[in-house]
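Worksheet: one structure, shown below.
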Amino acid sequence: MQDYPILSHPELPTQAAALMTYWKQEGVDLSAVQALTPATENSLLTVLQHILTDTGEINVGHQDVWEVLSGATALQFGMATGEGHSRAEVTCQQLLTSSTMLGDGSLPAHRMLLAIQSGMSAELEMDELTQILEYLMDQTGRQAEVVFGHGLEPALGEGVRLLLLISR
């Protein structure tokens, strides 16, 4: 697999845009790239920026994002935030129903990148992590390689935010 060239002094919005530009150039023949519209490109850029700005306990980085993007015949992505008693389950459901699909969504998931952010007043618990991973794997297939990261985002309070990229 080809490495994505990282900028030497990355500014995260610039880095996300550079990653997107590189993906579009390298994957010009991929149906996921061909399905991009200005609106979906903007949404994907927002998700990439959120993923790349998370410098939490377990990070996902540029290379992790690139491995999901490169060669993706279809790409599913989204972001969802939730709070309350069943925040993990509700946020997973919201994430999958509101996510964007570029290309053929019936293809099996190949790689999944999941970045989880939780507020500092109610950090993500291990049973919530298990519930999130199980739910997403049940919905996308268990054959996918999964990479995940977790960080704290004070602005979330008692909430949780899930950011998802799935290549098919």
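Observations on the model:
- Qualifying helices (runs of 4 or more DSSP H) (wholly inside the stretch 1-55; at least 2 residues being surrounded by fewer than 12 Cβ atoms within 10 Å (Cβ to Cβ) and at pLDDT below 90): none
- Odd one out for Glu158 among (1) open to solvent by 40 Å² or more (accessible area, probe 1.4 Å); (2) within 22 Å of Leu36 (Cβ to Cβ); (3) touching a helix residue (DSSP H, G or I) at 6+ places or on another chain (Cβ under 9 Å): (2)
- The one condition from (1) farther than 20 Å from Met137 by Cβ; (2) open to solvent by less than 50 Å² (accessible area, probe 1.4 Å); (3) in a loop (DSSP other than H, G, I, E, B); (4) of a type outside the set (Asp, Glu) that Val60 does not meet is (1).
- Residues in the stretch 71-98 that are among the small types (Gly, Ala, Ser), crowded, with 19+ Cβ neighbours inside 10 Å and within 19 Å of Leu44 (Cβ to Cβ): Ala72, Ala74, Gly78, Ala80.
- When residues in the stretch 117-155 are screened for being crowded, with 19+ Cβ neighbours inside 10 Å, hydrophobic (A, V, I, L, M, F, W, C) and over 27 Å from Leu102 (Cα atoms), 1 of them pass.
- Condition met for Ser99 (more than 16 Å from Thr53 (Cβ to Cβ) and at pLDDT 95 or above): yes
- Residues of the stretch 47-65 satisfying the condition of being touching a helix residue (DSSP H, G or I) at 6+ places or on another chain (Cβ under 7 Å) and farther than 16 Å from Val146 by Cβ: Leu48, Gln49, Leu52, Thr53, His62
The values are calculated or read from the model by the stated rules, or taken from the named source; none is laboratory data. Please read these numbers as outputs of a predicted model, since none were measured by experiment. Cβ coordinates were reconstructed from backbone atoms using ideal geometry, including for glycine residues, and neighbour counts include every protein chain displayed. Calculation scope for accessible area: heavy atoms of the full protein, side chains included, ligands and nucleic acids excluded. Shrake-Rupley method; radii C 1.70, N 1.55, O 1.52, S 1.80 Å.
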